[in-house]
1. Any chance you could run the full-extension gain for VAL170 through ILE67? It's 0.36 nm times the residue separation minus the Cα-Cα distance, nm to one decimal.
2. Modelling each spin label as a point 7 Å along the Cα-to-Cβ direction, I'd like the GLU158/ASN88 distance in nm, to one decimal.
3. Pulled fully out, how much extra length does the chain show between SER24 and MET60, if you take 0.36 nm times their separation in residues and subtract their Cα-Cα distance?
4. Subtract the Cα-Cα distance of GLU15 and LYS98 from 0.36 nm times their separation in residues, and report this length gain in nm to one decimal.
Amino acid sequence: MFFKPKGGNSTETDEALMTRFKASGDLEVLGRLYGKYLHLVYGVCLKYLGDREAAQDATMQIFEKLIVEIPKREIQNFKPWLHVTTKNHCLMQLRKVKAWNMQMEKAVKEERYVMENAGELHLNDEEILEHNLEVLRQCIENLKDEQKACVSMFYLQEKCYQEISDCLSVDLKKVKSYIQNGKRNLKICMENHGSQA
C-alpha cells in the first residue's frame with residue numbers, strides 16, 4: 001500500500017491514540033490510528049472519485065487534514081467521524097472538478113482557451129465548437145487535480161501565483177510547476193486529439 005504507518009501497540013484504543021497525538025503531536029501515533037482505517041478511507045475515496053490515483057492522493061490529503069483537525073476537535077467516536085470527513089473531502093473534490101468543467105465550457109464558448117497560441121473558434125460553425133469543447137473536456141479529465149486547480153485559478157479566475165499558493169496551501173514553486181505542466185499537457189492533448197481552429 002502507498003501509505004505504511006509504523007507498527008505499534010495495536011491494542012490501543014482510538015481514544016488513547018487521539019489523546020497521545022494531541023499531547024505530543026507525534027505523527028507516528030497518528031499513523032497508527034489512521035492505519036487502522038486506511039483501507040476504509042481508501043475504499044470510500046475510490047467509490048466517490050472512481051480513480052485509483054485520485055483515491056490514493058485523497059487518502060494522503062485526509063491524513064494531512066487530520067494533523068490539523070484532530071487537535072482542534074473533541075471527537076467522541078473516531079471511526080464514524082473519519083468516515084464523514086472522508087466523504088466530505090471527496091465531495092469537495094468532485095465539486096471542484098464540476099466547477100472546473102463549467103468554467104472551461106464557458107471559456108470555450110467565449111473563445112478563451114487556456115493554452116497559448118490556440119486558434120480562434122469559428123462561432124458560426126457549431127460542429128467545430130462542439131468538437132473542440134468535447135476534446136477539451138476529455139483533456140481536462142487527463143490533468144491531475146493539482147494542475148486543474150492551478151490552471152483554472154491562473155487563467156480563468158486571473159489569480160496570481162501567490163494567491164493560488166495561499167488558496168491551495170501549496171508551495172509557490174509547485175504552483176508555477178503545476179501551471180506550466182498543466183498548460184503543456186492540455187495543449188499536447190488538444191493537438192493529439194485534433195482540435196480545430
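1. Details: separation 103, 0.36 × 103 = 37.08 nm, distance 1.63 nm.
Using 0.36 nm per residue and subtracting the Cα-Cα distance, I get 35.4 nm.
2. For the pair GLU158/ASN88, the computed spacing is 3.4 nm.
3. Details: separation 36, 0.36 × 36 = 12.96 nm, distance 2.09 nm.
Taking SER24 through MET60 to full extension adds about 10.9 nm, to one decimal.
4. On the way: separation 83, 0.36 × 83 = 29.88 nm, distance 3.70 nm.
Extra length from GLU15 to LYS98 when fully extended: 26.2 nm.
Just so you know, all these numbers are worked out from the coordinates, no wet-lab data involved. Every value quoted in this text rests on a predicted model; they were computed, and no experiment measured them. Virtual Cβ from ideal backbone geometry, glycine too; neighbours counted across all protein chains shown.
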